[in-house]
Amino acid sequence: MESEYLSSNGGGEIGGGVNGGEKQVVAVANKRATSLPDLVLRFLALALTLAAAVLLGVNKQSTVVPITLVPTLPPVNVEVTAKWHYLSAFVYFVVANAIACAYAAISLLLTMANRAGKRCLGMIITIFDLVMVALLFSGVGATFAVGLIGFQGNSHVQWKKVCNVFDKFCDQAAAAVGISFIGSMFFFLMVFLATLNLHKKRY
């Protein structure tokens, strides 16, 4: 009788309530599981873009170069200095990485605050992630092109290579370019994961 009473007066509701609670717990766990990789990627992108901007922003090297003024006279030793802000491509690289670093910090806070999984905010963050990918790719490409000229020179326009003189400066610039490229790939991976999650939600 008691079992019949429960089944006819809310037994199904109790079971439904338990199942509904389990579904909610699973949904919350899934949200946390999917947001954790995004948070880790944003933190890594923040750290790498910051490191790239600082690494090239403090890049400087002074060295003594012998210059021949008159062929019959001995060369004159002149101290020359290479700095990152002497080249517009390097300036663009530092600014691009600084912007990406600041955005990574802001988006990290917004992602942590967006526990409810609001689609509108997530879409805006994804769009800006894609903008950061383009910004960093352009900065890396411009700096790599200038660095390649400094490393190899260009015989067609009589541009001599300078990395044999400023070896430390060029090595540090190359390291900054590599770090920034990895950071841009993290942003690209975030866009890919967001697109993948959107595809899963639709189907």
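For residue 118, the stated conditions do not hold, so it cannot be described as in contact (Cβ under 8 Å) with a residue 40 or more places away in the chain and basic (Lys, Arg). How many of the residues in region 84-103 are loosely packed, with under 11 Cβ neighbours inside 10 Å and aliphatic (A, V, I, L, M)? Going through region 84-103 one residue at a time, the tally reaches 0. Note on region 123-141: residues that are closer than 19 Å to residue 178 by Cα, among the hydrophobic types (A, V, I, L, M, F, W, C) and crowded, with 17+ Cβ neighbours inside 10 Å total 6.
The requirement of being hydrophobic (A, V, I, L, M, F, W, C), open to solvent by 40 Å² or more (accessible area, probe 1.4 Å) and within 30 Å of residue 184 (Cα to Cα) is fulfilled nowhere in region 60-83; no residue meets it.
Here residue 162 meets the list (1) in contact with a Gly (Cβ under 7 Å, 6 or more places away or on another chain); (2) at pLDDT 95 or above almost entirely, failing just condition (2). With the structure loaded, tell me whether residue 106 is open to solvent by 60 Å² or more (accessible area, probe 1.4 Å), within 17 Å of residue 137 (Cβ to Cβ) and at pLDDT 90 or above or whether it fails that test. When the stated conditions are applied, residue 106 does not pass them. Out of region 142-182, which residues are under 23 Å from residue 45 (Cα atoms) and open to solvent by 70 Å² or more (accessible area, probe 1.4 Å)? 144, 171, 181, 182 - these are the residues of region 142-182 that are under 23 Å from residue 45 (Cα atoms) and open to solvent by 70 Å² or more (accessible area, probe 1.4 Å). Would you check which residues across region 112-122 are open to solvent by 60 Å² or more (accessible area, probe 1.4 Å) and either out of contact with any helix residue (DSSP H, G or I) (no Cβ under 8 Å at 6 or more places or on another chain) or not in a helix (DSSP H, G or I) (or both) and list them? Scanning region 112-122 gives 113, 115, 116, 118, 119, 120.
The values are calculated or read from the model by the stated rules, or taken from the named source; none is laboratory data. Keep in mind the model is a prediction, meaning the values are calculated, not measured. Ideal geometry is used to build each Cβ from the backbone, glycine not excepted, and the neighbour counts take in all protein chains shown. When the accessible area is computed, the model is the full protein with side chains, heavy atoms only, and any ligands, DNA or RNA have been set aside. Shrake-Rupley method; radii C 1.70, N 1.55, O 1.52, S 1.80 Å.
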